Every structure is written in structure tokens, then in C-alpha cells.
Amino acid sequence: MALLNLGTLGSIPVVKNNSDLTTSDPTDVFQFQISSGKNINLSLTDISAGDNADIRLFRDANNNGVLDSFDRNVGLVSNRGSNQDEAINFKTSSGTFFAEVSRFAPGSSGDVSYNLALSATEPSGTLPISASSSNLLPKEFVLGHLSGNITRTGNVNNQNTTDVYSFSLGFREGVDIRLDGLSSDADIRVIRDSNNNRIVDAGEVIASSNNAGITSELISNITVRGDYFLQVTEFTGNTNYNVTFNQFSVPT
Ligand SMILES: [Ca+2]
Ligand SMILES: [Ca+2]
Ligand SMILES: [Ca+2]
Ligand SMILES: [Ca+2]
């Protein structure tokens, strides 16, 4: 097992690109601390084609600096199939944590490569909202090219503070995005990852909607061809949501 201590994790993402798992070394563990309550964000992307890796997050619950069976009694996991991206977004109190990336043996041909990004943003419910939003862009829900209207349902809460959708628009195509069906406050923003590094960099948030309470959110009239991400983010508490992409043609 490879163990790497990252020290104190802050809002600037720590990126471990082109990391490897093998049959003889199938697990990498990244240890870090957060010094106050934060949202911990983990994004596992670019898993090699034909392979499968998963990610887990554990707290050092017995404070002995080691990831042991006691710590493993409670944790979060993201274990999608094939080489789909994995994501964990956890609102939590200060402490020492372990992010464990593991090769899913039945789904992997041998060596697995991956990119991992980790950040600790301000806890959901603090202002400004931009400081608590995840700055990582795993493709959790891949919508692809929007050729018609799409509605998806989801849920955000303290153990899943953010959902990330990826979509694209073609020439003379536009979209309005609505979030409704809320039982507590959630918000949305649209990101264009211009440098394609799967991190939200300065200038890449092109629109956001941050209404208070359970008021629905609307981002309208995105009409530039390209690839986009939508983040749905918890502000306070657990809520189901409906997100609707209303696609339209842009007149000449
Ligand atoms: Ca421990
Ligand atoms: Ca997986
Ligand atoms: Ca970027
Ligand atoms: Ca809101």
C-alpha cells in the first residue's frame, strides 16, 4: 500500500495526476487534515479505459494516525462501474482523514491509472456560496449533447454536498436550466472548464443562481457552443431536487 501524507488540505486543490495501481499494489491512501469544519471534495477522473477504480473516505476516528479497521467502520464510498468518474463531497468537522483509491479487481485488466484531486472548501451554509462550492469537476452524471429536454432527479445533503452534470451544446443550440422540487436550500452554477483540467479556475463560472430558501433556481439562455458542467450544491440540509435542461434552437 502506498501512503502519502498531504498535510493540511485547503481550498486550493491538490492534484495527483497519472497515479497508478497495480495487481501487486492495488491501493493508494492519501492522508490529510482539515483544521476546522469544511466540505471535503474528492474527484477521481481519467481512470484508464477498460479498468475500474473506486474511492473511499475515512476519518481517523481513534486518532492514532493510521487507517485501521476501527476507522473503516464508518466511511463514504464512490464505487461506480467501469471507468466512470468517482466523487465524494462531505461536510464534516475538523480531523484527520484518509482518502483511499483502490483498484476494483474484477473490473480491471491489470494496471490502472487515474487522476485524483482533493480540496477542502468552506462548509455548506456559509457565505459567500462560492467559497463552499466544490472546485472539482468529476463527471458524475454525463448528459452528453443536449438534443432535447432532459429532467433528472437527485439529492444533496451533508454526505453528498454537490452533484455535477456534464453536457454540451452544438452550433445554434441553447439551454435554460431550472432546479426545483426543493425541501431545503440548494443552488446551481454553470462552469466552462476552458483549460480542461477538471478544476474550477478563475473566470470559469459563467452563471449561477443562488436564491434563498426553497425557491427554485434558474439559469437561462446559455447559447454558446461548447462543453459545460452544472453543479447542484447544498446550502443547508438535505433536499431532493429536479433539474431540467430545456434545450432550444437559436434563430439565425
Ligand atoms: Ca486510526
Ligand atoms: Ca469505479
Ligand atoms: Ca479549469
Ligand atoms: Ca437556493
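The values are calculated or read from the model by the stated rules, or taken from the named source; none is laboratory data. Worth saying up front: this structure is predicted, and the values here are computed from it rather than measured. We place every Cβ from the backbone using ideal geometry, glycine too, and count neighbours over all the protein chains shown.
Quick notes on this one:
- Residue selected from region 234-252 under the condition within 16 Å of ligand 4 (Cβ to nearest atom) and in a strand (DSSP E or B), by the criterion surrounded by the most Cβ atoms within 10 Å (Cβ to Cβ): Glu234
- Unique match (being farther than 27 Å from Asn18 by Cα, at pLDDT 95 or above and surrounded by 15 or more Cβ atoms within 10 Å (Cβ to Cβ)) among Leu136, Leu146: Leu146
- Residues in region 38-85 that are within 16 Å of the chain's Cα centre (by Cα) and hydrophobic (A, V, I, L, M, F, W, C): Ile40, Leu42, Leu44, Ile47, Ala53, Ile55, Leu57, Leu76, Val77.
- Filter pass, Ser36 being within 19 Å of Leu6 (Cβ to Cβ), in contact (Cβ under 8 Å) with a residue 60 or more places away in the chain and outside the structural domain of Gly237 (by TED's automatic domain parsing): no
Matching residues to (1) under 17 Å from Thr121 (Cβ atoms); (2) among the basic types (Lys, Arg); (3) more than 12 Å from ligand 3 (Cβ to nearest atom); (4) surrounded by 22 or more Cβ atoms within 10 Å (Cβ to Cβ):
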residue: Ser166; (1), (2), (3), (4): no, no, yes, no
residue: Leu179; (1), (2), (3), (4): no, no, yes, yes
residue: Ile188; (1), (2), (3), (4): yes, no, yes, yes
residue: Val200; (1), (2), (3), (4): yes, no, no, yes
residue: Ala207; (1), (2), (3), (4): no, no, yes, no
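- Selected residue (only one of Ala61, Ala2 is surrounded by fewer than 22 Cβ atoms within 10 Å (Cβ to Cβ) and modelled with pLDDT under 95): Ala2
Matching residues to (1) farther than 16 Å from Phe104 by Cα; (2) surrounded by fewer than 17 Cβ atoms within 10 Å (Cβ to Cβ); (3) at pLDDT below 95:
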| residue | (1), (2), (3) |
| --- | --- |
| Ser19 | no, no, yes |
| Val29 | no, no, no |
| Phe32 | yes, no, no |
| Lys38 | yes, no, no |
| Leu42 | yes, no, no |
| Gly50 | no, yes, yes |
| Ala53 | no, no, no |
| Arg72 | yes, yes, no |
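- Residues in region 105-121 that are more than 18 Å from Ile34 (Cβ to Cβ) and buried (at least 19 other Cβ atoms within 10 Å of the Cβ): Ser108, Val112, Tyr114.
Here's the yes/no breakdown for (1) of a type in the set (S, T, N, Q); (2) within 16 Å of ligand 2 (Cβ to nearest atom); (3) in the same structural domain as Phe104 (by TED's automatic domain parsing):
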{"residue": "Thr8", "(1), (2), (3)": "yes, no, yes"}
{"residue": "Asn18", "(1), (2), (3)": "yes, no, yes"}
{"residue": "Pro26", "(1), (2), (3)": "no, yes, yes"}
{"residue": "Thr45", "(1), (2), (3)": "yes, yes, yes"}
{"residue": "Asp60", "(1), (2), (3)": "no, no, yes"}
{"residue": "Asn63", "(1), (2), (3)": "yes, no, yes"}
{"residue": "Leu67", "(1), (2), (3)": "no, no, yes"}
{"residue": "Asn79", "(1), (2), (3)": "yes, yes, yes"}
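- Residue in region 106-115 that is within 16 Å of ligand 3 (Cβ to nearest atom), under 20 Å from Asn17 (Cα atoms), in a strand (DSSP E or B) and in the same structural domain as Asn39 (by TED's automatic domain parsing) present: yes
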